[in-house]
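Dropping the structure in here first, questions after.
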Amino acid sequence: MNRSVSMQIRELCRQKNAVIMAHYYQRPEIQAVADFIGDSLALAQQAQQTQADIIVMCGVHFMAETAAILCPNKTVLIPDETAGCSLADSCQAADLKAWKEQHPDHLIVSYVNTSAAVKALTDVVVTSGNALQIVNRLPEDAKILFGPDRNLGNYINQQTGRKMDLWNGCCHVHDRFEAARLAHLKQLYPKALVLAHPECRAEVLELSDVVGSTAVLIRYVKQHPEQEYIVVTADGVDYEIGQSCPQAQLISLHNACEYMHQHTLEKLLACLENESPRVTVSPDIAAAALRPIEKMLSWS
Ligand code: 13P
Ligand code: SF4
């Protein structure tokens, strides 16, 4: 059944010059049928470069919006348009605008996990893969408001020595990883290295050996495959690791992002057949959001 659905999906991609982009948190069968799998930075870079007429974004809504902003002349589809993000939802544009107005001399640095309307109020966007690099490029005396992820913001402050003011948002998936549980696992698996996403709490990151975006964590395993790892991020990265380095031993805390898992092969097929749901961004918001996204891409 799944095989024939996957074959129909691939055939439609060929007929319609469509490309399927999938985030590493997608279900394995979605990653298997995709043309490209990546973290949020790589998905934006691929969207910017693709020659396809249609981009099907198997990720959460802000990832499809970013592709739509970068590719105004392409059709951007998402298999389930209700695939949101608790972190992006924690920062509404009107509230950010009010914060910005209270701090007129501050730069606004926004995590890519935000709506297009929030990006439109932003000076530079960052992803978990380039946040340290980009914040380090800002003038040393710059006053900065950072949002919406307080855990990533804390991590950037700690690593760069900056004193950014932080929005009080978090990702419900990463914020619920517990340091006590991780400490217990480290006792059970004393040789394992801990890989963690910077959306985790500071006390979890303190117990971790490698902190980075999904792509950074996967790249580390590819470079050191003969190892045991405790993986402290959402489920899905194990698919790519299993494909490219099956010898790596992964200990997972089993915590999926339910938004990412809303996409199924059946929804993906229907989306390609109907060319819907389509993700669009109003031209004025898109024009304002494009500047901080392009700045990020040119600095990455
Ligand atoms: P990446 O930047 O690693 O793709 O992470 C995105 C995300 O949503 C993490 O929860
Ligand atoms: Fe958003 Fe968290 Fe899901 Fe990432 S894991 S897409 S931050 S809800």
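Output the qualifying pairs, or none if there are none: Cβ atoms under 6 angstrom, residues six or more apart or on different chains, first residue in segment 52-63 and over 16 Å from Thr264 (Cβ atoms), second residue assigned to a strand (DSSP E or B).
The qualifying pairs are Ala52/Ala18; Ala52/Val19; Ile54/Ala18; Ile54/Thr75; Ile55/Val19; Ile55/Val76; Met63/Met57.
Would you confirm, using the coordinates I've provided, whether Pro148 is within 16 Å of ligand 1 (Cβ to nearest atom) and either surrounded by fewer than 18 Cβ atoms within 10 Å (Cβ to Cβ) or under 23 Å from Leu43 (Cβ atoms) (or both)?
yes
Of all residues in segment 64-82, which are farther than 21 Å from Ala270 by Cα and touching a helix residue (DSSP H, G or I) at 6+ places or on another chain (Cβ under 9 Å)? Walk me through it before giving the result.
The first filter runs over segment 64-82 and keeps only residues farther than 21 Å from Ala270 by Cα, leaving 66, 69-73.
Hits for segment 64-82 are Thr66, Ile69, Leu70, Cys71, Pro72.
Given the conditions (1) open to solvent by 10 Å² or more (accessible area, probe 1.4 Å); (2) within 16 Å of ligand 1 (Cβ to nearest atom), and given that Leu107 satisfies all but one, which numbered condition is not satisfied?
Exception for Leu107: condition (2).
Each row is one residue, and each column tells you yes or no for (1) open to solvent by less than 60 Å² (accessible area, probe 1.4 Å); (2) assigned to a loop (DSSP other than H, G, I, E, B).
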residue: Leu217; (1), (2): yes, no
residue: Ala234; (1), (2): yes, yes
residue: Glu258; (1), (2): no, yes
residue: Lys267; (1), (2): no, no
residue: Ala288; (1), (2): yes, no
residue: Arg291; (1), (2): no, no
residue: Lys295; (1), (2): no, no
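Take the residues in segment 163-184 that are surrounded by fewer than 18 Cβ atoms within 10 Å (Cβ to Cβ) and not charged (D, E, K, R); name whichever of them is farthest from Leu138 (Cα to Cα).
His184
Take Asp123 and tell me if it is in contact with a Gly (Cβ under 9 Å, 6 or more places away or on another chain), of a type outside the set (Val, Ile, Thr) and open to solvent by 10 Å² or more (accessible area, probe 1.4 Å).
Values: in contact with a Gly (Cβ under 9 Å, 6 or more places away or on another chain): no; of a type outside the set (Val, Ile, Thr): yes; open to solvent by 10 Å² or more (accessible area, probe 1.4 Å): yes.
No; evaluated as a whole, the condition is false for this residue.
Here is a yes/no grid of residues against (1) within 16 Å of ligand 2 (Cβ to nearest atom); (2) of a type outside the set (Lys, Arg); (3) farther than 24 Å from Pro79 by Cα:
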position	(1), (2), (3)
Leu188	no, yes, yes
Ala196	yes, yes, yes
Val211	yes, yes, yes
Gln223	no, yes, yes
Asp238	yes, yes, no
Gln243	no, yes, yes
Asp284	no, yes, yes
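So, one more: Checking Tyr239 against (1) more than 18 Å from the chain's Cα centre (by Cα); (2) open to solvent by 40 Å² or more (accessible area, probe 1.4 Å), which test does it fail?
(1)
The values are calculated or read from the model by the stated rules, or taken from the named source; none is laboratory data. These numbers come from a predicted model, not from an experiment. Glycine also receives a Cβ, built like all others from the backbone with ideal geometry; neighbour counts cover every protein chain displayed. When the accessible area is computed, the model is the full protein with side chains, heavy atoms only, and any ligands, DNA or RNA have been set aside. Shrake-Rupley method; radii C 1.70, N 1.55, O 1.52, S 1.80 Å.
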